[in-house]
1. Around B:THR148, under 9 Å between beta carbons, what's the net of Lys plus Arg minus Asp minus Glu among the other residues?
2. With n ≥ 4 as the cut-off for DSSP H runs, can you work out [θ] at 222 nm for the protein assembly as shown, using -39500 (n - 2.57) per run divided by the number of residues, rounded to the nearest 500?
3. If the limit is 27 Å between Cα atoms, which of B:LYS159/B:LYS211; A:LYS261/B:LYS121; B:LYS49/B:LYS159; B:LYS51/B:LYS165; B:LYS49/B:LYS200; A:LYS111/B:LYS8 go over it?
4. Around A:HIS265, under 9 Å between beta carbons, what's the net of Lys plus Arg minus Asp minus Glu among the other residues?
5. Roughly how crowded by other chains is peptide A:183-194, in terms of the mean Cβ count from those chains within 10 Å of each of its Cβ atoms?
6. From the square roots a ≥ b ≥ c of the eigenvalues of the alpha-carbon gyration tensor of the range A:292-418, which class results: rounded (a/c under 1.5), prolate (a/b over b/c), or oblate?
7. Would the range B:2-220 count as rounded, prolate or oblate if I go by the C-alpha gyration tensor, calling it rounded below 1.5 in a/c and otherwise prolate when a/b exceeds b/c, oblate otherwise?
8. Work through the residues other than B:ILE233 whose Cβ is under 12 Å from its Cβ and net out their charges, Lys, Arg +1 and Asp, Glu -1.
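Read-outs throughout are calculated quantities, based only on the coordinates presented, and are distinct from any laboratory measurement. These figures come from a predicted structure and were not determined experimentally. All Cβ positions, glycine included, derive from the backbone under ideal geometry; neighbour counts span all protein chains shown.
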Amino acid sequence: MAKNSKGIETAEIIADKCIACQICIAECPVGAIELSPEGTARVLPEVCIGCGECAEVCPVEAVAFDKAGRKKFKKAEKPGPRIPVPGRVVAVYIEHNGQKAADVSWELLGKGRELADKLQARLAALVPGSEINGLYSRVQNIGCDEFHVLEHKSLYRYVSSLYGHALSAMVRRVEPEILLLGATSQGRDLAGVVATHLKTGLTADCTGLDIEEDSGLMLMTRPTFGGNIMATIFCENHRPQMATVRPKVFPMPVFSERECKVIRHDWSPPDDARIPELIDFIEDTTRAGVDITQYPVLIVAGKGACSPDSFPMLEELAGLLGGTVACSRPVVEAGIMPYERQVGQTGKTVAPRLYIGVGVSGAVQHRVAIQGAERILAVNTDPNAPIFQVADAGIVGDYTQVLPELISRIKERKKSRHD
Amino acid sequence: MHIVCCLKQVPDTADVKIDSQTNTLIREGVESIMNPYDLVAVETAVRLKEKHECLISAVCMGPAQAESILRQALSLGVDKGILLSDRAFAGADTLATSYTLAQAVSMLDRQHQVDLIICGKQAIDGDTAQTGPGLATRLGFALLTYITGLESFKPSQRKIIVRRKVEEGQEVLEVNLPALITVELDLARPRRASLPGLMKSLRRKIEVWDKNAIEADAEQLGIKGSPTWVRRIGVPSPRAGGPTFNAAEGLQDAVDRSLDILFQDFFTADEPGVAEGEEHGKKFQGN
Ligand SMILES: Cc1cc2nc3c(=O)[nH]c(=O)nc-3n(C[C@H](O)[C@H](O)[C@H](O)COP(=O)(O)OP(=O)(O)OC[C@H]3O[C@@H](n4cnc5c(N)ncnc54)[C@H](O)[C@@H]3O)c2cc1C
């Protein structure tokens, strides 16, 4: 360990491990850490007082510091964790169209039930909208203890400011410890507005949620750095602890019957709300109702199969298995398939029964979104392609030869089964 | 008309790799760039300036070296670059970031009333897409996310008409200014800087504002103002892989053995998934 000219053992940043979260910079009591032009933290040895605070707070152990030589200093008092109150609530925002809740809301009710049980808390559904009769006919089957309804005619379509205001009002009344929203385009928009109104923490696009045993805090895991790293985040002193989760990350739950109270809330929109006027709606016809997350089988074309000529073959395979064709990002970028077909961190998370990757290398940003697939088959010419590490079976070979064989063998198997 | 673009400097995450042996980031050769969505925000603003009289300011919160992206913005036609840089801003999550930006925009607003804020839909390093909604909420601006088109801009009526991508299609919305829009990549293809533009940008001064310059409450800044903390960092847990078969050593055998593994119980009696899929039966149409 290096000493500075005052003989103090100073801390050192291990640049390779540093993720530039800047927590040490903020926590250093003497301002001895700065961001280097390479984008990692670095310690100014002559300013460092050797307190080791940076080593304590670093989430990735990127600070080399010899604790033996630690110099004491008086730390500013931090507020202690909020003591959890009995009778807590875990809340889920229900995204809906008046008749039906979005699948992701169901998935979150399943996860919410699990979290609520761990906390011995009640599970509450928060449902703002205009006419939502269609939704609460069967509230005893949704795993909830409470079903909170806020009905107002101004909520007939989604407007950020109105929904943000309404949901914030519900949260202020229900006071949940935790609030979960689907990371759909609506949910992401709404979550940002509500977290700002409530001045609380929000973790986006979580892939894992759990309760930490001794603290009772929610631990939220999300990919960061383009999916290369999983960060586990917590929100200690602000409530509710908010998280968004993308569709298909959690499985569809099955609920047994449960007594559920319907609670209605009054609300009126704020006078100064800025409401954009909807002057037209252009339905997306290219999409024609295709939602790749709904198919049990996905044939996923990668850059290695990124040619319009390959599509008849991919489609035949998809048709044979009752699936549809999806793709990796380069295929979208090449303009060969629409964005809605993209699997991956910036596309869709999928959990089909069978995923067949054709000429997909399996970059992390792609892999994170196929973790939930029941079975994975990879076809790739490169035996070292990372996709093989996650595939249940892999075929090393050129897809133009492998696919026709695959198609004919599957046909044969289907035929022999029917005979 | 005063337009403010919010820019972020990000590592080019396409280049970030993990050393699987040591579980550390390989930073070599990873460049810092302007967030690609923010580049579209700049392009959008510059196109408006070509048709209407506008002043464009760009703000960026970041360390001293983030100045480079503001200079890039100047070279593309932005009039004024402001770097929000202060040790107190470090470690900010989205709540603290939107606070810092809101303070900065308020200061700009005092100099020249702000009509429109343009943010990228999200930053490619964090992908959270929350700074825009947070900023609009703090300032009380109309919020329009996922904008794919600017249909018309009516400065005299203080109105803007935009196209917004939602799950089922595109909304065409008219809204009164001031508004904040967050833009998608397909809104506009960013131009390259012209040589004179580049030369001029080098001579321009970038203002650096610290926490006093934006009259910030220190409690709401940086790590102090951030409710969320990182507990730990890990690498994505891998799924256990199965065997691979080489087609060169027998194509039919490779296919058969793969199918045996995959379809052990797939073609069973009820085939719930398969039947459902056939019912969907929609073919891919291309675009
Ligand atoms: C922030 C961020 C977000 C991203 N989000 C996504 C995302 O949502 N989705 C996504 O997919 N990517 C995403 N990416 C991109 C990702 O990093 C990869 O670049 C991308 O997934 C690679 O796609 P690919 O596997 O199709 O192409 P490549 O990596 O180029 O792989 C092509 C593969 O095809 C094989 N091949 C070539 N010819 C043949 C043949 N004849 N027969 C069989 N195999 C063949 C090659 O061996 C190779 O393995 C993202 C990147 C970043 C930085």
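1. Summing Lys/Arg as +1 and Asp/Glu as -1 gives +1.
2. On the way: 17 runs with 183 residues, N = 706.
Taking each H run of at least 4 residues, the total per residue is -8000 deg cm²/dmol.
3. B:LYS159/B:LYS211; A:LYS261/B:LYS121; A:LYS111/B:LYS8
4. On the way: positive: A:ARG173, A:ARG264; negative: A:GLU151, A:ASP266.
Taking every other residue near A:HIS265 into account, the sum is 0.
5. Numbers: counts 3, 2, 8, 3, 0, 9, 11, 2, 6, 16, 7, 2.
Going residue by residue through A:183-194 and averaging, the value is 6.
6. Rounded is the answer for the range A:292-418, as its axis ratio a/c remains below 1.5.
7. rounded
8. It works out to a net charge of +3.
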